[in-house]
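Read-outs throughout are calculated quantities, based only on the coordinates presented, and are distinct from any laboratory measurement. Not measured: the values here are computed from a predicted model. Note that we place each Cβ from the backbone using ideal geometry, even for glycine, and neighbour counts take in every protein chain shown.
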Amino acid sequence: MNLLDSELVASKLVQAGYEPCEDEALAGILLFNTCSVRDHAENRVWSKLGALRVRKEQEPELLIGVLGCMAQEHKIYLRTRMPHVDRVCGTMDFGKIDEYIAEIREKREGLVQTGDGASGDLVLRDVKQRPNRAQAYVNIIRGCNMPCTYCIVPATRGVEVSRPIAEILPEVEALVGDGVTEVTLLGQTVNAYGHDLPDKQNLSKLLRELHAIPSLRRIQFITSHPNFLTRELMETMAELPRVSRYFHLPAQSGSNEILQRMKRLYTREKYLARIRDLQELIPDMEFASDWIVGYPGETEEDHELTKSLMEEVRFSQSYVFKYSPRPLTVADDYFEDDVSEEIKARRNQDLLAIQNRISLEKNQALVGKVVEILLEGPSKKGEGRFQGRTAHHRIVHLEGVGPQQVGCYLPVRIEKAMSHSMMGQLVDEERFTMDSRDAGDEGILSA
Ligand code: 5AD
Ligand code: SF4
């Protein structure tokens, strides 16, 4: 969500005549889009802002702005602590970012805006301004109505507001018209989409409409809450082959006591039942989860239950977080952060070790097979390699391709498996069906 928000802000500023600057030291405007979800993310921003104090003294024309969740959370305090920040602009306001910058340049005085401005996605988007040729994020619902006791997001992003299908569809069509073949629909509770809209608009209906767009080959959506995974949605996913076969469904914990204290509103059994239902409908479905370790009151027994849920589902990916008390949350008000840092670190490692083993086993099972990847760009580790993703969201590195193939779907033979990625070799394209719709289990292509 933050990546898309940053992209939209950058797009708006380019439309207003500003130019992106590769070198921070040469930029005249510095905008920080921020995250409040854990303490660590905030601390990085505080120290970054602190370090800019001296530069601002020497360069008073430099304009510094803080956007997003930290701006929303701290509001005026942010400028009290960092008076050299010119602009504080919350999660519901950056639609007017160009006007705010013009205003501040005129008046040269600091302003805080966290209320009723515009975060409207259409206001901001120029479909030609995007970092990836073939892939795009599209926001479909903002805010969150869930009561998770650890989470600051409902306080910083406000209540759920869905965008009508009539607004999303032309945006996706325009993106596809400009070369996009993979869209990722975004929302904090993306599968609650539409409940606030008329005419029974929901995620199933939206997926069906998007699926009908020719040349849109992959449709993903993040992040889902288990309680809104309806039978209708599961059946729609099964029916529509271009809907991703990788599903991010955060469990957070495997212990019912902890789930209850987190107010996740489901039990381990209910979560597992949803997974099994979906596996029955879509046998090759892969799952990913978020987990919080060291939640207030989490015992060794609770932790063992989380480990066993991981083993039972055999997720293909896990994001593990150490509990971090956040202001404006129920957990911070009512529960003591009573699991030591040492224990949190150990439980974190425990879960990562299980996940790494499972991921490695899953990747090893693909060695020798040919899969279709969407080539995304140069590998993060460099060495002249490029990387792409399979229909199941697995990363494949390969050599022998160049920037001209970025955005293409390529058949690749898997040669080596690691836990976080695989190495592959491009195979003779002519011999393989190139449409992911024809791929069988595991997205394996037929010769
Ligand atoms: N501490 C640790 N992790 C958290 N998350 C959300 N709030 C907290 C917190 N206070 C994690 C959840 C969520 C992910 C985006 O961040 O696992 O799914
Ligand atoms: Fe936070 Fe829960 Fe909403 Fe996700 S569903 S954003 S964890 S409150």
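Across the chain the C-alpha pair distances fall into 20 Å bins from zero in the proportions 23, 56, 21, 0 percent. The length gained on full extension between residue 169 and residue 19, counted as 0.36 nm times the residue separation minus their Cα-Cα distance, comes to 51.1 nm.
For segment 120-364, a crude dipole built from +1 on the beta carbon of Lys and Arg and -1 on the beta carbon of Asp and Glu, taken about the Cα centre, is about 740 debye to the nearest 20. Projecting the Cα atoms of 256, 139, 406 onto the charge dipole of the chain, computed from C-beta unit charges around the Cα centre, puts 406 farthest toward the positive end. Only Lys, Arg, Asp and Glu carry charge here, each on its Cβ (+1 for the first two, -1 for the last two); on that basis the chain has a dipole of about 200 debye about its Cα centre.
By the Cβ distance rule (another cysteine Cβ under 4.7 Å), the unpaired cysteines of the chain are 21, 35, 69, 89, 144, 408.
Note on residue 96: lysines with a C-alpha under 17 Å away, same-chain residues under 8 apart excluded, are 12, 107. Within the chain, the selection of entire DSSP H helices by a Cα span of 30 Å or greater along the long axis and an average Kyte-Doolittle value of at least 1.0 returns an empty list. Length gain on complete extension for the stretch residue 105 to residue 59, per 0.36 nm per residue less the alpha carbon to alpha carbon distance? Contour length minus the Cα-Cα distance gives 15.2 nm. Would you mind computing, in nm to one decimal, how far apart the modelled labels at residue 383 and residue 405 are, each placed 7 Å from Cα along Cα→Cβ? The modelled label-to-label distance comes out at 1.7 nm.
Using C-alpha pairs under 8 Å with a sequence gap of at least 6, the mean separation divided by the residue count of segment 120-364 gives a relative contact order of 17 percent. Summarising the label geometry, the points placed 7 Å from Cα in the beta-carbon direction at residue 265 and residue 345 lie 3.7 nm from one another.
Along the positive direction of the dipole of the chain (beta-carbon charges: Lys, Arg +1; Asp, Glu -1; about the Cα centre), which of 72, 244, 162 reaches farthest? Ranked along the dipole, the leading option is 72. Residue separation of residue 48 and residue 311 scaled by 0.36 nm, minus their Cα-Cα distance, works out to 90.7 nm of gained length. DSSP bridge analysis restricted to the chain gives an antiparallel fraction near 35%, rounded to the nearest 5. Under 5 Å between amide hydrogens, built in the peptide plane, is the criterion, and for residue 184 it picks out 136, 137, 138, 220 among residues at least 5 positions away or on other chains. Per-residue ellipticity at 222 nm computed for the chain from its helices equals -10500 deg cm²/dmol, with DSSP H segments shorter than 4 residues left out and the rest contributing -39,500 (n - 2.57). Judged by the gyration tensor of its Cα atoms, with axes a ≥ b ≥ c, segment 2-116 is rounded; a/c sits under the 1.5 cut.
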